[in-house]
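Notes follow the structure.
The values are calculated or read from the model by the stated rules, or taken from the named source; none is laboratory data. Quick caveat, the model's predicted, so the values are computed rather than measured. Reconstructed Cβ throughout: ideal geometry from the backbone, glycine too, with neighbour counts over all protein chains shown.
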Amino acid sequence: MARDVLRDLAETQNGLLTRQQALDDLGLSAGAIDNLVARGRLERVAHGIYRYPHLPGVADEPYQVALLRTGDPEAALSHESALELHEISDVNPSRYHVTVAQRHRIRRSDNDRYVVHVEQLTARQVTWWHQMRIVTPTTAIEQCLRDGTPTYLLRQAIERGSRTGAVRSADAERLRTALEVRS
């Protein structure tokens, strides 16, 4: 049954799925998806992104939306968003940062809420947070160093990350040096 297949996919993505996944991966027709929406079996969250309503919601749904809207299953939360989620800095990003491997245009009316970065990430640079791909704390600090995040927030991230074990001591020392060079 279509609902069971949709639920199975949505469970792996914090209750969300994309129209493209339903069409391509699950083999549903556009009409079947529209019928599920009309009958309340799927709820529209954003352009082409739906919530399976019978699953518990996730408090961090906007982050899952940020990943899904890229259309890239290898996308990862990154930069200041990752610093915030790893809880190693008091950074408060005004936009959601996501990194993808290849540049492609995302045509949406809400693009001002999202920043899509292009970078090849290795398996060692990515971890998981609430069923979502996210860069490691060290990688997030490196990205923010390159992109101009304020020094005091990066110093805080290095210190907290080092103190909590989220950033290895050798990486912390390397990051401190890079931060001083940048300053």
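Only residues that are touching a strand residue (DSSP E or B) at 6+ places or on another chain (Cβ under 9 Å) and over 13 Å from LEU17 (Cβ atoms) were counted in region 59-82, giving 15. Just one residue in the set TYR152, TYR96 is in contact with a helix residue (DSSP H, G or I) (Cβ under 6 Å, 6 or more places away or on another chain) and among the aromatic types (Phe, Trp, Tyr); that residue is TYR96. Considering region 1-27, and only residues there that are at pLDDT below 90 and assigned to a loop (DSSP other than H, G, I, E, B), the residue that is surrounded by the fewest Cβ atoms within 10 Å (Cβ to Cβ) turns out to be MET1. Pairs under 7 Å by beta carbon, first residue in contact (Cβ under 8 Å) with a residue 60 or more places away in the chain in region 1-20, partner among the charged types (D, E, K, R) and in a helix (DSSP H, G or I), six or more apart or different chains? That search, which allows pairs on different chains as well, returns ASN14/GLU61.
In this structure, is LEU85 touching a helix residue (DSSP H, G or I) at 6+ places or on another chain (Cβ under 8 Å), in contact (Cβ under 8 Å) with a residue 40 or more places away in the chain and outside any helix (DSSP H, G or I)? Outline the logic, then answer.
Numbers: touching a helix residue (DSSP H, G or I) at 6+ places or on another chain (Cβ under 8 Å): yes; in contact (Cβ under 8 Å) with a residue 40 or more places away in the chain: yes; outside any helix (DSSP H, G or I): no.
It is false that LEU85 is touching a helix residue (DSSP H, G or I) at 6+ places or on another chain (Cβ under 8 Å), in contact (Cβ under 8 Å) with a residue 40 or more places away in the chain and outside any helix (DSSP H, G or I).
Against the numbered list (1) free of Cβ contacts under 8 Å to residues at least 40 places away in the same chain; (2) within 17 Å of TRP129 (Cβ to Cβ); (3) in contact with a Phe, Trp or Tyr (Cβ under 6 Å, 6 or more places away or on another chain), ALA66 comes up short only at (1).
From the list ARG107, ARG124, which one is under 22 Å from the mean Cα position of the chain (by Cα), modelled with pLDDT under 95, basic (Lys, Arg) and not in a strand (DSSP E or B)?
Numbers: ARG124 fails: modelled with pLDDT under 95.
Just one listed residue meets the conditions, ARG107.
Only a single item in (1) surrounded by 13 or more Cβ atoms within 10 Å (Cβ to Cβ); (2) without any contact (Cβ under 8 Å) to a residue 60 or more places away in the chain; (3) more than 16 Å from ASP72 (Cα to Cα) is not met by HIS130, and it is number (2). Could you tell me whether PRO73 is touching a helix residue (DSSP H, G or I) at 6+ places or on another chain (Cβ under 8 Å), without any contact (Cβ under 8 Å) to a residue 24 or more places away in the chain and either in a loop (DSSP other than H, G, I, E, B) or not hydrophobic (A, V, I, L, M, F, W, C) (or both)? Spelling it out, it is not the case that PRO73 is touching a helix residue (DSSP H, G or I) at 6+ places or on another chain (Cβ under 8 Å), without any contact (Cβ under 8 Å) to a residue 24 or more places away in the chain and either in a loop (DSSP other than H, G, I, E, B) or not hydrophobic (A, V, I, L, M, F, W, C) (or both). Filter region 159-170 down to residues that are outside any loop (DSSP other than H, G, I, E, B) and in contact (Cβ under 8 Å) with a residue 40 or more places away in the chain and give me whichever is surrounded by the fewest Cβ atoms within 10 Å (Cβ to Cβ). In this case the residue turns out to be THR164. Checking GLU173 against (1) surrounded by fewer than 19 Cβ atoms within 10 Å (Cβ to Cβ); (2) among the acidic types (Asp, Glu); (3) closer than 25 Å to PRO62 by Cβ, which single condition isn't satisfied? Looking at each condition in turn, GLU173 falls short on (3).
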